[in-house]
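Please read the structure below before turning to the comments.
The values are calculated or read from the model by the stated rules, or taken from the named source; none is laboratory data. Since the structure is predicted, the reported quantities are computational estimates derived from the model, not experimental observations. We place every Cβ from the backbone using ideal geometry, glycine too, and count neighbours over all the protein chains shown.
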Amino acid sequence: MIGPLPMDPLLVTKGLTRRFGGLKAVDGVDFTLMPGEIRAVIGPNGAGKTTFVSMVCGRVLPSAGMILFDGGDITDMPPHSRVRQGIAYTFQITSVFPNLSVYDNVALPVQRTLTDGRSRGAIHTGVLTALEKVGLADRAAMQAGQLAYGHQRLLEVAMGLALKPRLLILDEPTQGLSDAEIEDFVRLVRTVAEDATVLLIEHNMPLVMQLADRITVFDAGRVLAEGTPEQIRSDAAVQAAYLGTGAGEAA
Amino acid sequence: MSGDDRSAKVYALHLAVLAVLFALNFVLPAYYHGLMARIMVLAVFAMGYNVLFGYAGLLSLGHAMFFAAGMYGTGLTIVHFGFSVPLAFVSGIACGAVLAFVIGLLALRTSGVAFMIVTMMFAQVFALSLIYFAGWTGGDQGLVIPQPARILNLGAAFDLTDPTVRYMAALALFAAALFATLALVRSRHGRVLVAIRENEERTKMLGYDTFANKLAAVTASGTISAAAGAAFALLFGYVGANFAGVQYSILPLLWVLLGGAATTLGPLLGTLVMYVVTDTASSFTSAWLLIVGVVLILLVLFFPKGILGTLRARWLGWLP
């Protein structure tokens, strides 16, 4: 980065490292995310993307390095406290509660954010708002496990949204979605980004190019490149490592 | 969701069950009258177990220690300190609550099979301690609480050895525990417990401190179980180390599985059916345990969700 930053960063990692045995899944990553950004993290399979965001949300503890969220050190904070600080994570493998109703799935994060509201009314309103955002309001009474796969992904996002996060981490959210569903999803992420910062792991290159403000490219546990979609598209190292020569069809 | 409609149905059903139990007081022959009082108290034990096992999904094999903590907390304070009935009852419950909280702190560091084993080991330590400190506890002989100590003075004197008073006291405890668990499972905390049972990792990532929630569940579960133990001591006048044995840790699991885990009325139904089967079988054969075993195997094979769990899955989706 050149010149003074206009705002304080929302998320900073310094020398973040995670070893699994002899393998360095994430190797000394310095990363800065500004508030309001939509940031995509891309890279080949095994590049350490999921391990990296798992350390940010606390599911995996780092072997070395530190994580700052909104200026505070959260490196050793348990995951549930990070969620309370405003970091929400949606799972790569769809992880809704299949035996609970769609309504209850969203009621769980909603009631978490209500500090005052013991009232069922406040929960009810919050649940319906979150479900309407993703277009699942008419399916509230269904069991989550009976939803179509694309709808389960949307429910997963609704659960993340219901936490009213400051940082929403989406781990491969469009995997398995149809083209029409992906279009809806892009609109949804744009709406979310009005209130929250979005960190997106994604393989779908056209989507990333369209949606992201900036892109970080991981390779073998390190940051290979970072920049705007145009910069990344024209970066020779990225093309060699990931995009292949020419168009992006990596997935 | 027609929430109000559903609530009305739920409360109507629970009140109807209580009304039937109340009416049974006047029609049951003496033997079954006494048995029913015992079943209601043990059903409270099962309801306590159900909070942890059914809703939070934690399988404990040590709940006899909570039941016995209530029982001995009541019995010993009467015999040694001359506590009155209400005070002894409260101290029994308090013993169970404190024990459950401490055991929860330690045992919840494990999960799954390890949790089963750790709770079972703690219960064994508890049971063996009862026998070791025989000077206080009466060892494996136990203690009989004399009839004069079992009179409850609330303005009027209620003799808990009188069958009708005993039945009504058991019913009152049962009703209190029933509505307490109903309120718990319909609360936000209940929803979190079910979420932990279904997917603990995901629940954490929704911002819940799952350890604290599980600890609360262990404590609530142990406290309800202890209330049953305390009532058992008062109503049946006997405190014995066999109630702390592993058998009494497994029985509430069977009652809950039979009636339906994670249903509010399942524990009562399971306890009742198990007693009826045991009673019927033992009236015509000495190999009654064999029959009970066969019934349980059939149950697990064909109704793995228990009686009410199966009804709920097939027809009555609104059952809490």
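Give, as residue ranges, the strands (runs of 3 or more DSSP E) completely inside segment A:1-89 that count at least 3 residues that are more than 26 Å from A:LEU163 (Cβ to Cβ). Spell out how you get there, then give the answer.
Values: elements: A:11-20, A:23-33, A:38-42, A:64-69.
Once the strands (runs of 3 or more DSSP E) in segment A:1-89 are filtered for at least 3 residues that are more than 26 Å from A:LEU163 (Cβ to Cβ), what remains is A:11-20, A:23-33.
Which count do you get for residues in segment B:101-140 that are surrounded by 14 or more Cβ atoms within 10 Å (Cβ to Cβ), more than 21 Å from the chain's Cα centre (by Cα), of a type in the set (A, V, I, L, M, F, W, C) and not in a helix (DSSP H, G or I)?
Matching residues across segment B:101-140 total 0.
So which residues in segment B:185-194 are over 18 Å from B:LEU59 (Cβ atoms) and either of a type in the set (S, T, N, Q) or facing chain A (nearest Cβ under 9 Å) (or both), if there are any at all?
If the condition is that a residue be over 18 Å from B:LEU59 (Cβ atoms) and either of a type in the set (S, T, N, Q) or facing chain A (nearest Cβ under 9 Å) (or both), then B:SER187, B:ARG188, B:ARG191, B:VAL192 are the ones that fit.
Can you name every residue in segment A:92-102 that is surrounded by fewer than 23 Cβ atoms within 10 Å (Cβ to Cβ) and either at the interface with chain B (Cβ under 7 Å from one of its Cβ atoms) or basic (Lys, Arg) (or both)? Spell out how you get there, then give the answer.
So in segment A:92-102, the residues surrounded by fewer than 23 Cβ atoms within 10 Å (Cβ to Cβ) come out as A:92-95, A:98-101.
Passing the criteria: A:SER95, A:ASN99, A:LEU100.
Restricting to segment B:150-184, give me the number of residues that are assigned to a helix (DSSP H, G or I) and either touching a Phe, Trp or Tyr at 6+ places or on another chain (Cβ under 6 Å) or away from chain A (no Cβ under 14 Å) (or both). So that I can check it myself, show each step before the final result.
Of all residues in segment B:150-184, those assigned to a helix (DSSP H, G or I) come to B:150, B:163-184.
Still in the running and either touching a Phe, Trp or Tyr at 6+ places or on another chain (Cβ under 6 Å) or away from chain A (no Cβ under 14 Å) (or both): B:150, B:163-182, B:184.
Summing the residues that are assigned to a helix (DSSP H, G or I) and either touching a Phe, Trp or Tyr at 6+ places or on another chain (Cβ under 6 Å) or away from chain A (no Cβ under 14 Å) (or both) in segment B:150-184 gives 22.
Here are some residues: B:THR264, B:THR285, B:THR271. Which one is in contact with a Leu (Cβ under 6 Å, 6 or more places away or on another chain) and farther than 25 Å from B:ARG191 by Cα? Walk me through how you get there before you give the answer.
Details: B:THR264 fails: farther than 25 Å from B:ARG191 by Cα; B:THR285 fails: in contact with a Leu (Cβ under 6 Å, 6 or more places away or on another chain).
That would be B:THR271, the only listed residue that is in contact with a Leu (Cβ under 6 Å, 6 or more places away or on another chain) and farther than 25 Å from B:ARG191 by Cα.
Can you pull out every residue in segment A:103-115 that is of a type outside the set (Val, Ile, Thr) and more than 8 Å from chain B (Cβ to nearest Cβ)?
So in segment A:103-115, the residues of a type outside the set (Val, Ile, Thr) come out as A:103-105, A:107-109, A:111-112, A:114.
Selection gives A:ASN105, A:LEU114.
A:LEU155 - would you say it is at pLDDT 90 or above and more than 19 Å from B:ARG191 (Cα to Cα)?
Numbers: at pLDDT 90 or above: yes; more than 19 Å from B:ARG191 (Cα to Cα): no.
It is false that A:LEU155 is at pLDDT 90 or above and more than 19 Å from B:ARG191 (Cα to Cα).
Can you name every residue in segment A:69-80 that is surrounded by fewer than 17 Cβ atoms within 10 Å (Cβ to Cβ) and within 8 Å of chain B (Cβ to nearest Cβ)?
Scanning segment A:69-80 gives a single hit, A:PRO78.
Quick check on my filter: what residues within segment B:21-35 are part of a helix (DSSP H, G or I) and free of Cβ contacts under 8 Å to residues at least 12 places away in the same chain? Lay out the reasoning, then the answer.
From segment B:21-35, those part of a helix (DSSP H, G or I) are B:21-27, B:30-35; that's our starting set.
The answer is B:ALA23, B:PHE26, B:VAL27, B:TYR31, B:TYR32.
Output the number of residues of segment B:195-209 satisfying the condition of being in contact (Cβ under 8 Å) with a residue 12 or more places away in the chain, within 7 Å of chain A (Cβ to nearest Cβ) and assigned to a helix (DSSP H, G or I).
Of the residues in that region, 2 qualify.
Answer yes or no: is there a residue in segment B:36-51 that is without any contact (Cβ under 8 Å) to a residue 12 or more places away in the chain and either more than 30 Å from A:ILE123 (Cα to Cα) or loosely packed, with under 10 Cβ neighbours inside 10 Å (or both). Spell out how you get there, then give the answer.
Restricting attention to segment B:36-51, the residues satisfying the condition of being without any contact (Cβ under 8 Å) to a residue 12 or more places away in the chain are none.
No, the conditions are met nowhere in segment B:36-51.
Among (1) more than 15 Å from B:ALA231 (Cβ to Cβ); (2) surrounded by fewer than 14 Cβ atoms within 10 Å (Cβ to Cβ), where does B:PRO86 come up short?
Tallying (1) more than 15 Å from B:ALA231 (Cβ to Cβ); (2) surrounded by fewer than 14 Cβ atoms within 10 Å (Cβ to Cβ), B:PRO86 fails exactly one: (1).
For the structure I just gave you, tell me whether A:PHE91 is closer than 30 Å to A:ILE67 by Cα, aromatic (Phe, Trp, Tyr) and modelled with pLDDT under 90. Steps first, answer last, please.
Working: closer than 30 Å to A:ILE67 by Cα: yes; aromatic (Phe, Trp, Tyr): yes; modelled with pLDDT under 90: yes.
Taking the combined requirement at face value, the residue satisfies it.
Among (1) within 14 Å of chain A (Cβ to nearest Cβ); (2) under 18 Å from B:ILE103 (Cα atoms), there is one condition B:ALA220 misses while meeting the rest; what is its number?
(1)
Being modelled with pLDDT under 90 and of a type in the set (Phe, Trp, Tyr) is the filter here; which residues of segment B:239-295 pass it?
Passing the criteria: B:PHE284, B:TRP288.
To keep it simple, each residue is scored yes or no on (1) touching a His at 6+ places or on another chain (Cβ under 7 Å); (2) farther than 30 Å from A:THR191 by Cβ; (3) small (Gly, Ala, Ser); (4) facing another protein chain (nearest Cβ under 10 Å).
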residue	(1), (2), (3), (4)
A:GLY46	no, yes, yes, no
A:VAL53	no, no, no, no
A:ARG59	no, no, no, yes
A:SER63	no, yes, yes, no
A:MET66	no, yes, no, no
A:GLN85	no, no, no, yes
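One residue is enough: does segment B:141-149 have a residue meeting the conditions in a helix (DSSP H, G or I), surrounded by fewer than 17 Cβ atoms within 10 Å (Cβ to Cβ) and at pLDDT 95 or above?
So the first thing to find is which residues in segment B:141-149 are in a helix (DSSP H, G or I), and the list is B:141, B:147-149.
After this cut, where a residue has to be surrounded by fewer than 17 Cβ atoms within 10 Å (Cβ to Cβ) as well, the list is B:141, B:147-148.
Still in the running and at pLDDT 95 or above: none.
The answer is no; no qualifying residue exists.
Out of B:PHE101, B:PHE83, report the one residue that is aromatic (Phe, Trp, Tyr) and at pLDDT 95 or above.
Working: B:PHE83 fails: at pLDDT 95 or above.
Step by step, each of B:PHE101, B:PHE83 is checked, and only B:PHE101 is aromatic (Phe, Trp, Tyr) and at pLDDT 95 or above.
Conditions (1) of a type in the set (A, V, I, L, M); (2) within 13 Å of the chain's Cα centre (by Cα), marked per residue:
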| residue | (1), (2) |
| --- | --- |
| A:LEU168 | yes, yes |
| A:ASP171 | no, yes |
| A:GLY176 | no, no |
| A:GLU202 | no, yes |
| A:LEU207 | yes, no |
| A:ALA212 | yes, yes |
| A:THR216 | no, no |
| A:VAL223 | yes, no |
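Do you know which residues across segment B:270-302 are more than 22 Å from the chain's Cα centre (by Cα) and within 30 Å of B:LYS9 (Cα to Cα)?
Listed by number, the list holds a single entry, B:PHE302.
Would you mind listing the strands (runs of 3 or more DSSP E) fully within segment A:182-227 where at least 1 residues are free of Cβ contacts under 8 Å to residues at least 40 places away in the same chain and surrounded by fewer than 19 Cβ atoms within 10 Å (Cβ to Cβ)? So that I can check it myself, show each step before the final result.
Numbers: elements: A:197-201, A:214-219, A:222-227.
Answer list for segment A:182-227: A:222-227.
Which condition breaks for A:ILE123 when tested against (1) at the interface with chain B (Cβ under 10 Å from one of its Cβ atoms); (2) in contact (Cβ under 8 Å) with a residue 24 or more places away in the chain?
Looking at each condition in turn, A:ILE123 falls short on (2).
List pairs: first in segment B:1-20 and within 14 Å of chain A (Cβ to nearest Cβ), second modelled with pLDDT of 85 or more and assigned to a helix (DSSP H, G or I), Cβ under 8 Å, 6+ apart or cross-chain?
From residues that are within 14 Å of chain A (Cβ to nearest Cβ), the pairs are B:MET1/A:TYR103.
Before we move on, is B:GLY62 out of contact with any Pro (no Cβ under 8 Å at 6 or more places or on another chain) and outside any helix (DSSP H, G or I)? Break it down stepwise before answering.
Values: out of contact with any Pro (no Cβ under 8 Å at 6 or more places or on another chain): yes; outside any helix (DSSP H, G or I): yes.
So B:GLY62 fits the description; yes.
Taking only segment B:294-318 into account, find how many residues are touching a residue at least 40 places away in the same chain (Cβ under 8 Å) and either part of a helix (DSSP H, G or I) or farther than 19 Å from B:SER7 by Cβ (or both). Before the answer, list the steps.
Taking segment B:294-318 as the starting set, the residues that turn out to be touching a residue at least 40 places away in the same chain (Cβ under 8 Å) are B:296, B:299-300, B:305-312, B:318.
Imposing the further condition that a residue be either part of a helix (DSSP H, G or I) or farther than 19 Å from B:SER7 by Cβ (or both) reduces the set to B:296, B:299-300, B:305-312.
Qualifying residue count, segment B:294-318: 11.
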